[in-house]
Amino acid sequence: MLSKRVGDAIVIPGLASAHSHAFQRAMRGHCQRQQAELGSFWSWRGRMYEIASKLNPDSMYKIAKFAYAELAMSGVCAVGEFHYVHHQASGQAYDKRTELADAVIAAARDVGIRITLLRVVYERGGYAKDLSPGQERFCDSTLADAMLDIDTLRTNYADTKGVTIGLAVHSMRAVTRSSISELSSYAKKYSLPMHMHLSEQRRELEECLAEHGTTPVALMHQDGVLDKNFIAVHATHLAEGEIEMLGNSGAGVCICRSTERDLGDGHCEADKLVAAGVPLSTGVDSYAASDPFDEARAIELDQRSCREARTVVADATQLLRVASENGYAAIGMHGLSLEDHVTLDAQDPSLVGLANDRLDDAVVFCASSRAVREVDVAGTRIVNSGVHREYSTIRQEFETTLATMA
Ligand SMILES: [Zn+2]
């Protein structure tokens, strides 16, 4: 059991959200009405491009700061930021090329949570497609430019406590096979975490088959990209044999159920991934909701609905490990979940009446994130009595920022 009762509190290890796009917190509640143009992942993406086109370093910082403060108040102590908005809206680089990455890192540091900045590479609009409007600021002129930024970030944050640098490939559709291989060699050389949206959408599989004659995970396996530092984000639509390829390679899968449900992505076969030995982690992804307890329990509960059975993926202790230890490991912070602590109020209505020998069961399957009382990251208390130490200021700045972007 990972949860411990201490007086009227229950203490659990720090929780990690291994896949985040912090700026998407600005979209919450804006994409839920039934409209023809908002009917799928692809139309949701159009709205996301609109928001991304309005960002500047100041708004990026303030939105990310609120997003992270909300996560912290839900028990998240470490985040993997899959960062792909790099340049000005025109596509021209900022004078300081890493300005937006620096803004996101500063937001995490000021909130007090740990961050792994996964610098994303994005090269094209899709298979044999030019860039769509809105994608310019995600792309670099050359792969060398992108790799230079990864070098710069690694150098600049080498001695910064709580900050780790990794890299990411946006997706098969956005990056060429040769560039993915080059990035993989770089990640392996320096033992960096490498993340990639993989097999999220059925259209992605069809396009990958058309371009490469095989499916995304199989292609990554064939090219030797999968290894213990590789995280496939989503892995929703896996073809025959791909689960074993992931399992044999040591690669992990980050499941983001609140987003996958929200976007109508489908669901991955988490039970088969676990049976194959694939370490799972969870991520808030699009900030449709910010609740790490729900992200963890959804892996099991959604699978129960599909299989019409109970306890099909993992028990509560294993799921708590997915949300804590595995999440930290997925973003290159092995073992640090035990240096952070989340204290839950055992008097919270969602936790009252639970048995001491079933604490993990109650925390994972029943706890409301409202029960989070204190959060300590590397010995510093950042949430007290359920509220982040600077919540009022951070909230006001966020609301003002949203008003200027409306
Ligand atoms: Zn994502």
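Values in this text are rule-based calculations from the coordinates and carry no lab data. Treat the numbers as computed from the prediction; the structure is a model and nothing was measured. Please note: Cβ atoms are built from the backbone with ideal geometry, for glycine as well, and neighbour counts cover all protein chains shown.
For the chain, just list the percent of Cα-Cα distances falling in each 10 Å bin from zero outward, please.
Calculated over all Cα pairs of the chain, the distribution is 5, 24, 35, 26, 9, 1, 0 percent.
Using a Gaussian network model of the chain with C-alpha springs under 10 Å, which one of Gly283, Gly241, Gly386 is most mobile by mean-square fluctuation?
Result: Gly241 has the largest fluctuation of those listed.
Under a 5 Å amide H to amide H cut-off, with H placed in plane at 1.01 Å, what residues pair with Ser281 once short-range neighbours are removed?
Under 5 Å from the amide H of Ser281 lie the amide H atoms of Val253, Cys254, Ile255, each far enough along the sequence or on another chain.
Using a Förster distance of 41 angstrom, determine the FRET efficiency expected from the C-beta separation of Gln347 and Leu402, and round it to 0.05.
The pair Gln347/Leu402 has a calculated efficiency of 0.75.
In nanometres, what is the gap between the two model label sites at Lys4 and Lys54, each 7 Å from Cα along Cα-to-Cβ?
Going by the 7 Å Cα→Cβ label model, 4.7 nm.
Just need the relative contact order of region 4-405 here, percent rounded to a whole number, with Cα pairs under 8 Å and 6+ apart.
The value is 22 percent.
Within 13 Å, Cβ to Cβ, of Lys54, how many net charges do the neighbouring residues add up to if Lys/Arg are +1 and Asp/Glu are -1?
Values: positive: Arg47, Lys62, Arg137; negative: Glu50, Asp58.
Neighbour charge sum, excluding Lys54 itself: +1.
Arg370 versus His212, label points 7 Å from Cα toward the beta carbon: distance in nm?
4.6 nm
Pick out which of Val175, Val284, Val372 has the largest mean-square fluctuation in a Gaussian network model of the chain, springs linking Cα atoms closer than 10 Å.
So, out of Val175, Val284, Val372, the one fluctuating most is Val175.
Can you give me the long-range amide H partners of Ala346? Hydrogens built in the peptide plane at 1.01 Å from N, cutoff under 5 Å, separation of 5 or more residues or another chain.
Those qualifying (amide H under 5 Å, at least 5 residues apart or on another chain) are Ala9, Ile10.
How big is the C-alpha Rg of region 231-385 next to the rule-of-thumb value 2.2 N^0.38 Å, as a ratio? Spell out each step's value before the answer.
On the way: Rg = 15.8 Å, N = 155, 2.2 N^0.38 = 15.0 Å.
It is 1.06.
Please give the length that would be gained between Val387 and Tyr186 if that part of the chain were fully extended, namely 0.36 nm times their separation in residues minus their C-alpha to C-alpha distance (nm, one decimal).
68.3 nm
Once the Cα atoms of region 1-91 are picked out, what are the Rg and Dmax in Å?
17.1, 56
Using 0.36 nm per residue, how much length does the chain from Tyr94 to Ala144 gain when fully extended, once their Cα-Cα distance is taken away?
Numbers: separation 50, 0.36 × 50 = 18.00 nm, distance 1.66 nm.
Between Tyr94 and Ala144, full extension yields an extra 16.3 nm.
At what distance in nm do the modelled label points of Arg177 and Asp223 sit from each other, each positioned 7 Å from its Cα along Cα→Cβ?
Simple spin-label model gives 0.8 nm for this pair.
Quick one: of the DSSP bridges fully inside the chain, what percent are antiparallel, nearest 5?
So the antiparallel bridges amount to about 35 percent of the total.
Could you pull out the trypsin sites (Lys or Arg not before Pro) across region 305-335 that fall in loop regions by DSSP (anything but H, G, I, E, B) with no more than 16 other Cβ atoms inside 10 Å?
Arg310
Based solely on its DSSP helices, what 222 nm [θ] is calculated for the chain when runs of n ≥ 4 H residues each add -39,500 (n - 2.57) and the sum is averaged over all residues, nearest 500 deg cm²/dmol?
Calculated from helices alone, the mean residue ellipticity at 222 nm is -11500 deg cm²/dmol.
Hey, with R₀ at 30 Å, roughly what FRET efficiency would Arg202 and Thr380 work out to, going by the Cβ-Cβ distance, to 0.05?
In this case the efficiency is close to 0.10.
Amide H of Val120: which non-local residues (sequence gap of 5 or more, or other chain) have their own amide H closer than 5 Å, using H built in the peptide plane?
His83, Ala168
Structure shown: which of Lys161/Lys272; Lys129/Lys228; Lys228/Lys272; Lys4/Lys62 lie over 30 Å apart, alpha-carbon to alpha-carbon?
Beyond 30 Å between Cα atoms: Lys161/Lys272; Lys129/Lys228; Lys4/Lys62.
Note down the net charge around Leu263, summing +1 for each Lys or Arg and -1 for each Asp or Glu among other residues with Cβ under 12 Å from its Cβ. Walk me through the numbers before you get to the answer.
Details: positive: Arg45, Arg47, Arg257, Arg261; negative: Glu200, Glu260, Asp262, Asp265, Asp285.
Cβ neighbours under 12 Å give a net charge of -1.
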